[in-house]
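K.L.:
First the structure, which I've put down as structure tokens, then a few questions once you've had a look.
The values are calculated or read from the model by the stated rules, or taken from the named source; none is laboratory data. All figures in this text were calculated on a predicted structure; none of them were measured in a lab. Neighbour counts are summed over all protein chains in view; Cβ atoms, including those assigned to glycine, are modelled from backbone coordinates with ideal geometry.
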Amino acid sequence: MIPSYFPAPDEKIWIGVLRVQLSFPGSKNLKNKRKELSKLKARLPKKYNISIAEVGYRENIKRSILGICIISNDTLHIESIFQRCFDDLSSIIDGRVDDEYHQILPFSSSRDFNAF
């Protein structure tokens, strides 16, 4: 039987995930914090073609954790985008970056789901 799915010979899919922990010491309420986060959500995805979401401390007025994701065929491109995003963060918001962590994971084009 011939499989119906043939990966391209040069197919490479890399998924980059950046986790950023932010603090907003001057924030008085959730509205202030969300205003700062909306600046990031408006600028960074347009500039870098990324996805961004608040994934932690959503109801905390002083802290937030963001998840930023990008898909590419080149790990160096992902590293470059993450570095530029990280550099832009503190210039966009009225807050500080407390921590960052990122991972770049390969995506398997195998459809053998029993392999996991």
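K.L.:
Could you tell me which of the residues Leu22, Leu89 is assigned to a strand (DSSP E or B) and either over 10 Å from the mean Cα position of the chain (by Cα) or surrounded by 18 or more Cβ atoms within 10 Å (Cβ to Cβ) (or both)?
P.N.:
None of the others qualify; the one that does is Leu22.
For (1) under 18 Å from Leu89 (Cα atoms); (2) of a type in the set (D, E, K, R), each residue gets a yes or a no:
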site: Trp14; (1), (2): no, no
site: Val20; (1), (2): yes, no
site: Gly26; (1), (2): yes, no
site: Asn29; (1), (2): no, no
site: Asn32; (1), (2): yes, no
site: Lys41; (1), (2): yes, yes
site: Leu44; (1), (2): yes, no
site: Asn49; (1), (2): yes, no
site: Ala53; (1), (2): yes, no
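K.L.:
Now, a different point. Regarding the range 48-57, can at least one residue be identified that is surrounded by 17 or more Cβ atoms within 10 Å (Cβ to Cβ), modelled with pLDDT of 95 or more, part of a strand (DSSP E or B) and more than 13 Å from the chain's Cα centre (by Cα)?
P.N.:
no
K.L.:
Pick out the one residue from Glu54, Glu36, Glu59, Glu11 that is of a type outside the set (Lys, Arg) and in contact with a Phe, Trp or Tyr (Cβ under 7 Å, 6 or more places away or on another chain).
P.N.:
None of the other options fit; the residue is Glu36.
K.L.:
Also: From the list Lys62, Lys35, which residue is more than 30 Å from Phe6 (Cα to Cα), out of contact with any strand residue (DSSP E or B) (no Cβ under 9 Å at 6 or more places or on another chain) and free of Cβ contacts under 8 Å to residues at least 40 places away in the same chain?
P.N.:
After applying the criteria, what remains is Lys35.
K.L.:
Still on this structure: Go through the range 25-45 and count every residue that is crowded, with 16+ Cβ neighbours inside 10 Å and among the hydroxyl-bearing types (Ser, Thr, Tyr).
P.N.:
Result for the range 25-45: 1.
K.L.:
Can you tell me which residue among Ile15, Ile81, Ile61 is surrounded by 13 or more Cβ atoms within 10 Å (Cβ to Cβ) and part of a loop (DSSP other than H, G, I, E, B)?
P.N.:
Being surrounded by 13 or more Cβ atoms within 10 Å (Cβ to Cβ) and part of a loop (DSSP other than H, G, I, E, B) holds for just one of Ile15, Ile81, Ile61, which is Ile61.
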